[in-house]
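Nothing in this text is a laboratory measurement; each read-out follows from the coordinates by a stated rule. Please read all numbers here as calculations on a predicted model, not as lab measurements. Heads up, the Cβs are rebuilt from the backbone with ideal geometry, glycines too, and the neighbour counts pull from every protein chain shown.
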């Protein structure tokens, strides 16, 4: 699975090239569609922080998160190369190691706005973020959970809109009611995680 995007890899690297986590405006925290590159950046940075990793570890992790998220080796290698070129990761005897700049990048990606938790890459990115949540400092973890809560609220609002749409028939409303219940349950779970983190 490859990807084609107008902004390109180099443009996206510029978005997360800054000297510190608070030194510049959070340009990533704007509404956007989930992107394959962002999910892979999260995996590369998160795995390098958790323990020194090799690119194949990133590929295995990516393929395990969702059946519809299976990037090919070349795509993963391109993101690893990009992260290394930006100074976010380094190599130690062939192993990927996170740099201080990489920690800033990880914080930015983990606390960026996510427009939806429903289906496709939105759900996959949420799973990846939750899988890396324990690596963050408590205050950053709380902010990351807040962004996921925001996405759950947005999903609820969209479901309500579809539920009340004049074109939604009886069966369509029945289905949308299920989506609304799922979004509310996701928000409740995320709030519980947020509360547990504060305890």
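Label sites at residue 54 and residue 90, each approximated as a point 7 angstrom past Cα along Cα to Cβ, lie 2.2 nm apart. If you take the alpha carbon atoms of segment 122-186 and fit the smallest convex hull around them, that volume is 74 Å³ per residue.
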